[in-house]
Amino acid sequence: MTITFGETFDKVQECFQETDVSSKLTPKLESITIIRDVYGMIRLFLEPVKGLELQEADIKPLDNLLSQKLSSYYGKDIWFPQSTQDGYEALIKVITEERVLAEWDDETVSPRWYVLERHVAKQAWTNKNAGNPPWEDKYVYERRKPAIVTFFSFKGGVGRTTGLVATALTLARYGHRVAIVDLDLEAPGLSTIFFKDNPGKFGVIDYLLEKKVQQSKWSLKTDILPISEQLLLGDSGETLRLLPAGRIDNNYLEKLARLDFQNLTSNELSETLRGMLKELASVAKPLDFILLDARAGFHDIGGLAVADLSHAAVLFGTQSRQTWSGLTHVIRRLARPLAKDPLPVIMVHALAPPLTASGRNQELENFRITSYDVFTNNYYQQDETVPNQNDLDAAFMPVVVPLEDVLRGDIALFYRDDTPEETSRLLGLINLMTNEPYQGIAKRLCELFERKLDRQNGVEI
């Protein structure tokens with residue numbers, strides 16, 4: 001009999017429904033924990049009812065059934081407490097601390113069911129823990145710390161990086177102090193938007209590697225690039241701060257390979273990223289926002305950024321089955337079932353048809369309806385009131401960003417030459433990127449954190 005990875009949990013439950021197990025072993029159990037290791041192999045931890053002790057003979061029928069039903073997916077291990085001489089004591093402590101209640105668990109019925117997934121990667125996308133940004137939300141609302149916001153798309157090429165840059169420019173022109181961070185390490189591009197030649201020597205990838213080795217000796221102070229061109233920021237705009245991914249040179253791929261290996265063998269990446277953001281906030285203070293450009297898809301660093309390190313997320317998507325099949329899982333993750341509240345989200349309908357395109361209204365309506373359905377079924381808690389379908393401030397209500405040919409391909413927000421035409425080109429780009437719809441994203445971000453878009457005058461736009 002051949003089974004698949006996705007069937008293993010069901011097969012374990014079937015074993016406990018067999019008469020030899022359900023009548024003799026199950027009544028003795030307080031809980032059952034299914035442990036699925038990094039290869040997908042299944043092991044069990046059985047916790048007996050207080051005052052009872054399990055014996056090898058008790059679990060023999062279960063062991064036989066697991067071998068039959070799980071076949072090669074059975075790791076041939078069933079752990080249970082074994083009095084005061086328990087050789088598994090340390091392991092059992094880890095299991096009971098890290099396991100989570102199974103989706104099928106019924107709190108009114110014993111035994112309770114738990115699951116413990118052992119990963120080497122993708123943990124940010126699969127664990128059930130709530131977010132853990134470098135500082136608490138209350139410090140953001142009190143204006144004592146910047147809001148960390150991740151810009152994310154499930155598919156590439158939908159204008160996520162352009163949207164981040166445009167939002168950052170808009171916020172800066174209205175007086176907000178903004179830092180932007182390039183976390184798209186496999187395809188970095190933020191520095192090439194603002195500079196003809198990358199003036200920085202190091203960046204995010206160097207911090208993540210060097211901090212582990214050099215610890216306190218490594219600082220990102222000199223790696224933060226100021227962007228202060230008046231044409232970009234206006235007469236009274238705030239200087240932007242950019243932390244690039246790193247310099248693309250002969251060593252970049254070697255650095256990237258070592259970072260991937262560290263991510264597979266160490267649990268320190270999230271803490272290093274958290275420390276990096278703390279250091280950025282300290283070095284570049286005072287800041288109002290830190291905007292993170294995350295890699296598209298279920299990437300580890302992108303997952304950490306959007307699911308664990310942020311105070312809010314801006315999600316870019318198109319009206320396609322591919323987009324929604326991925327974004328549905330992301331939105332479900334951002335619901336954070338163990339947290340008091342879901343992560344605040346701004347949904348962006350990217351690459352929408354231009355104003356004059358035929359069929360535009362129908363696509364906008366389809367996207368809005370799909371967004372409402374996905375958020376209703378995956379984002380809001382069962383006991384939570386879902387906002388009205390026409391609520392303009394709800395997470396599911398999209399900001400519409402039409403397709404603009406001039407924003408496709410390489411965007412250069414710097415003088416490529418000294419001609420008057422170059423100034424006109426730049427002014428045209430800046431006007432396009434700091435008016436609607438990007439102004440709408442910036443305004444929604446400010447509203448999330450109880451701020452005015454025009455920070456200088458304290459008025460709504």
Practice task
Could you provide, to the nearest whole Å², the per residue accessible area of the stretch 308-405 with probe 1.4 Å?
Solution key: 48
Problem - Rounded to 10°, Cα long-axis angle of helix 252-265 versus longest principal axis of the chain - result: 30
Exercise for the section: Could you pull the accessible area for Lys278 with a 1.4 Å probe, rounded to 10 Å²? Expected result: 100
Problem - Where labels lie 7 Å past Cα in the beta-carbon direction, separation of Lys196 and Val94 in nm - result: 5.5
Fill in the blank from the handout: Phi-derived 3J(HN,Hα) across the stretch 450-455 with the Karplus relation (6.51, -1.76, 1.60, θ = phi - 60°), rounded Hz, x for Gly and Pro, is 6, 10, 8, 5, 7, 5
Handout entry: In degrees, nearest ten, helix 89-98 long axis to first principal axis of the chain (Cα)
Key = 50
Practice task
Mind giving me the nanometre distance, one decimal, between the label points for Thr222 and Glu56, set 7 Å out from Cα along Cα→Cβ?
Solution key: 6.4
Exercise for the section: Could you tell me the accessible area of Tyr73 in Å² (1.4 Å probe, neighbours in place), rounded to the nearest ten? Expected result: 50
Problem - Residue-span extension gain [Thr2 to Leu432] - 0.36 nm each, minus C-alpha spacing - result: 149.1 nm
Exercise for the section: Would you grab the residues whose amide H sits under 5 Å from the one on Trp113? Only those 5+ places off in sequence or on another chain, please, with H modelled 1.01 Å from N. Expected result: Ile32, Ala102, Asp106
Exercise for the section: Could you work out how far helix 269-283 tilts from the main Cα principal axis of the chain, as a 0 to 90 degree angle to the nearest 10? Expected result: 30
Exercise for the section: Among Phe9, His329, Leu240, flag the residue with its Cα farthest along the positive direction of the charge dipole of the chain, charges on Cβ as +1 for Lys/Arg and -1 for Asp/Glu. Expected result: Leu240
Handout entry: Value of [θ]222 nm, deg cm²/dmol, for the chain, DSSP H segments ≥ 4, -39500 (n - 2.57) each, nearest 500
Key = -11500 deg cm²/dmol
Handout entry: Whole-Hz ³J(HN,Hα) from phi, Karplus 6.51 cos²θ - 1.76 cosθ + 1.60, for the stretch 49-55, glycine and proline x
Key = 4, 3, x, 9, 10, 8, 10
Practice task
Hand me the chymotrypsin sites (Phe, Trp or Tyr not before Pro) from the stretch 1-59 located in a DSSP loop with no more than 15 other Cβ atoms within 10 Å, in residue order please.
Solution key: Tyr39
Practice task
Please work out how much length the chain gains when fully extended from Asn390 to Thr108, using 0.36 nm per residue of separation minus the C-alpha to C-alpha distance, in nm with one decimal.
Solution key: 97.7 nm
Problem - Estimated FRET transfer efficiency when R0 is 35 angstrom, pair Ile369-Arg143 (beta carbons, to 0.05) - result: 0.40
Problem - Normalised contact order of the stretch 284-410, rounded percent, pairs of Cα under 8 Å and 6 or more residues apart - result: 26
Practice task
With +1 on each Lys and Arg Cβ and -1 on each Asp and Glu Cβ, and nothing else charged, work out how big the dipole of the chain is about its Cα centre, in Debye to the nearest 20.
Solution key: 700
Practice task
Scan (1) 28, 64, 8; (2) 22, 48, 24, 6, 0; (3) 23, 53, 21, 3, 0 for the value of P(r) over Cα pairs in 20 Å bins from 0, in percent calculated from this model and give just the label.
Solution key: (2)
Completion exercise
So Lys24 and Arg425, fully extended at 0.36 nm per residue minus their Cα-Cα distance, gain in nm 136.5 nm
Exercise for the section: Run down the aspartates and glutamates and flag those whose C-alpha is under 12 Å from the C-alpha of Lys255, throwing out any fewer than 8 positions away in its chain. Expected result: Glu186, Asp206, Glu210
Exercise for the section: Go through the stretch 57-72 residue by residue and turn each phi into a ³J(HN,Hα) via Karplus (6.51, -1.76, 1.60, θ = phi - 60°); whole Hz please, and just put x for glycine and proline. Expected result: 5, 5, 9, 4, x, 5, 4, 5, 5, 4, 4, 5, 7, 8, 6, 6
Exercise for the section: Restrict the search to the stretch 396-439; then list the chymotrypsin sites (Phe, Trp or Tyr not before Pro) that DSSP places in a loop and that have at most 14 other Cβ atoms within 10 Å of their Cβ. Expected result: Tyr415
Completion exercise
Mean separation of Cα contacts under 8 Å (at least 6 apart) over the residue count of the stretch 341-432, i.e. the relative contact order in percent, is 37
Exercise for the section: List the residues whose amide H sits under 5 Å from the amide H of Phe154, counting only those 5 or more places along or on another chain, with H placed 1.01 Å from N in the peptide plane. Expected result: Gly297, Phe316
Problem - Mean separation of Cα contacts under 8 Å (6+ apart) over length of the stretch 408-461, as relative contact order % - result: 16
Practice task
Quick one: which residues, 5 or more positions from Val399 or on another chain, have an amide H under 5 Å from its amide H? H modelled 1.01 Å from N in the peptide plane, none for Pro or chain starts.
Solution key: Met347, Val348, His349
Completion exercise
FRET efficiency for Ser72 and Glu14 from the Cβ-Cβ distance with R0 = 30 Å, rounded to 0.05, comes out at 0.95
Fill in the blank from the handout: The lysines whose Cα lies under 20 Å from the Cα of Lys76, excluding any fewer than 8 residues away in the same chain, are Lys11, Lys60
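The values are calculated or read from the model by the stated rules, or taken from the named source; none is laboratory data. Predicted model, so just to flag it, every value in this text is computed and none were measured. Every residue, glycine as well, gets a Cβ built from its backbone with ideal geometry; the counts of neighbours run over all protein chains shown. All accessible areas refer to the heavy atoms of the entire protein, side chains included, with ligands and DNA or RNA removed. Shrake-Rupley method; radii C 1.70, N 1.55, O 1.52, S 1.80 Å.
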